[in-house]
Amino acid sequence: MSTAGLVATLAALAVGTFALRVVGGLLRDRVDPSPRALRLLEVAAVTVLTALVATSALLEGGGPAGVARPAGVAVGGLLAVRRAPFVVVVLAAAATTALLRLLGVP
Amino acid sequence: MPAARSDRDLLRDVALVCAADGVVAVAFGALAVTVGLPAWVPVVMSVVVFAGGAQLLVVGLLAAGAGPVAAALGGVLVNLRLLPLAFAVGDVLRGPAARRLLGSHLVTDESVAIALAQPDDRRRRTAFWAMGLGLFVVWNLGVLLGTLGGRALGDRAGELSAALGLDAAFPAVLLALVVPALRRPAVRRAALAGAAVALAASTVLPPGLPVLLALVGVLLALRSPEDARPGDAARGDVP
């Protein structure tokens, strides 16, 4: 792609992304959620984030991401449930994935 | 990871998330130059877009030969979730216009997740700004480093990133951030149902939309009054 095309892509992506962030925050001022709605809002945010974990762990370009990556993320998740420190969670996830790939697991 | 008990614990958590995402940033920078993009593309993109998932997708689309419209649309689709996430931290973003605009740019999966995990308003603010600013600095430095390293490594950068299992790092970071919230049964039900919906939808919908469709999982939480205390949802196991 030409330099102009790349600049246009980045500009459109940046403006669109920033607009979503600003509008989301401004909407909160227009709507005054009840405590119950606030709780649901937090559930909604956690749900979106969890779905993002699932899709980014299990899928790659619309197809399955293989075995090594989901296995690594699962090991990380297990450690997080056991209240392991952050850095242990992330390193264990990457190390598990790396080790499985070393053993020839896709 | 239990909710932080003091500001120092909070800052330690922020630093650890930064460190983990820094690794992802290096991998992203290296990947972007490896697929043949000029080095300024990932560097500028990280400053003005500042959203890892969308950045990875757009670089992938550009590498596959997508045009500007398709690439930008794909990235914006992936970022649609930032609207409800920004809404969730809307109270934290209140203030003078300049601060609001800067804060809006710092809305990321990580900054929202760590803010929602805090027990009170002051801590939510501290957590959001510390995570947002810290991640902005680390993410951009990491990408810069990655592009430099990627140019030096050439074609081997992508292989190296896969061999080191770095693609497992981003989902693992995010998972560690939501685990405290998932300890509550009602939240877990909603989140797992939503994740299942998103996975099923991924077979037919373009990236970004399935994750939003996960919101139907929240319907499950509507019917669980036992979780009706505000603030508890994302805090998980705080006594």
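Going by the conditions given, is B:Gly154 more than 9 Å from chain A (Cβ to nearest Cβ) and either within 21 Å of A:Val90 (Cβ to Cβ) or without any contact (Cβ under 8 Å) to a residue 12 or more places away in the chain (or both)? Here the answer is no, as B:Gly154 does not meet what is asked.
Only one residue in B:Val59, B:Val26, B:Val48, B:Val33 is closer than 19 Å to A:Thr3 by Cα, open to solvent by 50 Å² or more (accessible area, probe 1.4 Å) and among the β-branched types (Val, Ile, Thr). Which one? Give the derivation first.
Numbers: B:Val59 fails: open to solvent by 50 Å² or more (accessible area, probe 1.4 Å); B:Val26 fails: closer than 19 Å to A:Thr3 by Cα; B:Val33 fails: open to solvent by 50 Å² or more (accessible area, probe 1.4 Å).
Only one candidate passes the filter, namely B:Val48.
When you go through (1) open to solvent by less than 30 Å² (accessible area, probe 1.4 Å); (2) out of contact with any Phe, Trp or Tyr (no Cβ under 7 Å at 6 or more places or on another chain); (3) of a type in the set (Ser, Thr, Tyr) one by one for B:Ser111, which number turns out not to apply? It fails just one condition, (2).
Of everything in segment A:1-46, what is more than 22 Å from B:Leu106 (Cβ to Cβ), polar (S, T, N, Q) and either within 7 Å of chain B (Cβ to nearest Cβ) or touching a helix residue (DSSP H, G or I) at 6+ places or on another chain (Cβ under 7 Å) (or both)? Give them in sequence order. Selection gives A:Thr9 alone.
Considering only segment B:205-239, state which residues are among the small types (Gly, Ala, Ser) and modelled with pLDDT under 85. Once the filter is applied, which keeps residues that are among the small types (Gly, Ala, Ser) and modelled with pLDDT under 85, segment B:205-239 yields B:Gly208, B:Ala221, B:Ser224, B:Ala228, B:Gly231, B:Ala233, B:Ala234, B:Gly236.
Residues considered: A:Val75, A:Val53, A:Val87. Of these, the only one that is within 14 Å of the chain's Cα centre (by Cα) and either more than 8 Å from every other protein chain (Cβ to nearest Cβ) or part of a helix (DSSP H, G or I) (or both) is A:Val53. Of the residues B:Ala176, B:Ala98, the single one that is of a type in the set (Gly, Ala, Ser) and either more than 17 Å from the chain's Cα centre (by Cα) or farther than 30 Å from B:Gly217 by Cα (or both) is B:Ala98. Looking at segment B:140-163, is at least one residue within 15 Å of the chain's Cα centre (by Cα), assigned by TED's automatic domain parsing to the domain that holds B:Leu11, modelled with pLDDT of 95 or more and more than 27 Å from A:Val67 (Cα to Cα)? Yes, that holds for at least one residue.
Please report, ordered by residue number, the helices (runs of 4 or more DSSP H) entirely within segment B:13-80 with at least 2 residues that are facing chain A (nearest Cβ under 8 Å) and of a type outside the set (Val, Ile, Thr). Lay out the reasoning, then the answer.
Details: elements: B:40-48, B:52-63, B:68-79.
Filter on segment B:13-80 gives B:52-63, B:68-79.
I'd like the residue in segment B:81-122 that is of a type in the set (A, V, I, L, M, F, W, C) and in a loop (DSSP other than H, G, I, E, B) and, out of all such residues, is farthest from B:Ala214 (Cα to Cα). Filtering segment B:81-122 for residues that are of a type in the set (A, V, I, L, M, F, W, C) and in a loop (DSSP other than H, G, I, E, B), the one farthest from B:Ala214 (Cα to Cα) comes out as B:Leu106. Restricting the first member to segment A:47-66 and to residues that are on the phi > 0 side of the Ramachandran plot, and the second to residues that are open to solvent by 30 Å² or more (accessible area, probe 1.4 Å) and of a type outside the set (Phe, Trp, Tyr), the beta-carbon pairs closer than 7 Å and six or more apart or on different chains are A:Gly66/A:Pro106.
Counting only residues that are open to solvent by 80 Å² or more (accessible area, probe 1.4 Å) and either farther than 14 Å from B:Gly36 by Cα or not in a helix (DSSP H, G or I) (or both), how many does segment B:138-159 have? Can you show your working first?
From segment B:138-159, those open to solvent by 80 Å² or more (accessible area, probe 1.4 Å) are B:141, B:145, B:148, B:151-152, B:155-156, B:159; that's our starting set.
Of the ones still in play, those that are also either farther than 14 Å from B:Gly36 by Cα or not in a helix (DSSP H, G or I) (or both) are B:141, B:145, B:155, B:159.
Counting residues in segment B:138-159 that are open to solvent by 80 Å² or more (accessible area, probe 1.4 Å) and either farther than 14 Å from B:Gly36 by Cα or not in a helix (DSSP H, G or I) (or both) gives 4.
Taken together, B:Leu199, B:Leu192 contain a single residue that is in contact with a strand residue (DSSP E or B) (Cβ under 8 Å, 6 or more places away or on another chain), of a type outside the set (Gly, Ala, Ser), at the interface with another protein chain (Cβ under 8 Å from one of its Cβ atoms) and surrounded by fewer than 20 Cβ atoms within 10 Å (Cβ to Cβ), which is B:Leu199.
Filtered by the rule that a residue be acidic (Asp, Glu) and part of a helix (DSSP H, G or I), segment A:1-39 gives a lone residue, A:Asp29.
The values are calculated or read from the model by the stated rules, or taken from the named source; none is laboratory data. Every value quoted in this text rests on a predicted model; they were computed, and no experiment measured them. Don't worry about glycine lacking a Cβ; one is built from the backbone with ideal geometry, like all the others, and counts go over all protein chains shown. Keep in mind that these areas ignore ligands, DNA and RNA; they rest on the heavy atoms of the full protein, side chains included. Shrake-Rupley method; radii C 1.70, N 1.55, O 1.52, S 1.80 Å.
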